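The values are calculated or read from the model by the stated rules, or taken from the named source; none is laboratory data. From a predicted model like this one, the values you see are computed outputs, not experimental measurements. So basically every Cβ, Gly included, is an ideal-geometry build from the backbone, and we count neighbours across all protein chains shown. Note: accessible area is taken over every heavy atom of the protein model, side chains too, but ligands, DNA and RNA are not part of it. Shrake-Rupley method; radii C 1.70, N 1.55, O 1.52, S 1.80 Å.
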Amino acid sequence: MDDPIIAVLIFIVAILYSSVGHGGASGYLAVLALFGFAPKEMAPGALVLNLLVAGTAFYSYRRAGYFSSRLFWPFAAASIPAAFLGGMLQVPVRLYSWLLMGALLFAAIRLALAGIRRGEDDSLRSPRLSVALPVGAGIGLVSGIVGVGGGIFLSPIILLMRWADAKRTAAVSACFIWVNSAAGLYGHIARHHFDVSGLGPLIFAAFLGGAIGANFGARRFGEMTLRRALAGVLAVAAYKMFKVAMMS
């Protein structure tokens, strides 16, 4: 991981994602995929960076008063054990590539359409436990397998179902991403050894970018042009994973 370009890209991804309360795992996976890293290194590496950035984002949004524990805990209660289980699963390279491609495409589409929003009103409501628990479990399982925190799945669901406004969604997603990343990383480490020492420059880049983006995002959203540029990177990485899946 001596290529400084990787650290620069990680820094940019951390700024963009943390500004909207995300850890950026899908972006880190995109960068690592573009530079040819092995799948077994990608997931735990992305989760380590995710912990730093999501934690920073959560701190900023919580300090600004946007975090809702009532909205957070039903999703997290089901997602944490599911993410651990997903991290422990031994997934074939072909299946992993397909799952990662789907996650990257989902993130790319969401970022590309981020500027298209329906008008907000006061008809927000909390989700029922019978809905929140299975949603959290499903997101946690997929997130643990792929190596993401799940915010790219949870955020659009919360906004679509009108369970919270954009700021509270970002705060809840940041905390959700952190606990899922911790559970998924523990599952990966329990399955096979992972040396974090080689991630030093990337950890520093992610932390610095996360601090800048989270501080900015807690007050106003990032520019749509930059987020759409990131969507392009994700789409390219998804195409690369598609080729890996086809060759596996």
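If only residues of region 46-65 that are buried (at least 24 other Cβ atoms within 10 Å of the Cβ) and of a type in the set (Gly, Ala, Ser) are counted, the one that is modelled with the highest pLDDT is 54.
Give 53, 91 a once-over and let me know the one that is hydrophobic (A, V, I, L, M, F, W, C) and farther than 14 Å from residue 181 by Cβ. So the residue among 53, 91 that is hydrophobic (A, V, I, L, M, F, W, C) and farther than 14 Å from residue 181 by Cβ is 91. Assuming residue 36 fulfils every condition listed in (1) assigned to a helix (DSSP H, G or I); (2) open to solvent by 40 Å² or more (accessible area, probe 1.4 Å) apart from one, which condition is it? Going through (1) assigned to a helix (DSSP H, G or I); (2) open to solvent by 40 Å² or more (accessible area, probe 1.4 Å) one by one, residue 36 breaks only (1). Looking at residue 73, is it out of contact with any Pro (no Cβ under 9 Å at 6 or more places or on another chain) and without any contact (Cβ under 8 Å) to a residue 60 or more places away in the chain? Yes. The set of residues from region 1-55 being more than 19 Å from residue 94 (Cα to Cα) and touching a Lys or Arg at 6+ places or on another chain (Cβ under 7 Å) comprises just one member, 16. Looking only at region 147-168, count every residue that is of a type outside the set (A, V, I, L, M, F, W, C) and over 15 Å from the mean Cα position of the chain (by Cα) and tell me the total. Residues flagged as of a type outside the set (A, V, I, L, M, F, W, C) and over 15 Å from the mean Cα position of the chain (by Cα) within region 147-168 amount to 4.
State yes or no: is residue 28 closer than 19 Å to residue 169 by Cβ and buried (at least 19 other Cβ atoms within 10 Å of the Cβ)? Here the answer is no, as residue 28 does not meet what is asked. Between 130, 79, 97, the distinction of being hydroxyl-bearing (Ser, Thr, Tyr) and out of contact with any helix residue (DSSP H, G or I) (no Cβ under 8 Å at 6 or more places or on another chain) belongs to 130 only. Just one of the numbered conditions (1) loosely packed, with under 15 Cβ neighbours inside 10 Å; (2) over 17 Å from residue 43 (Cα atoms) is not true of residue 110: (1).
Of all residues in region 1-33, those being assigned to a helix (DSSP H, G or I), farther than 14 Å from residue 181 by Cβ and not small (Gly, Ala, Ser) number 13. Being open to solvent by less than 10 Å² (accessible area, probe 1.4 Å), of a type outside the set (Phe, Trp, Tyr), in contact (Cβ under 8 Å) with a residue 24 or more places away in the chain and under 17 Å from residue 142 (Cβ atoms) holds for only one residue in 43, 78, and it is 43.
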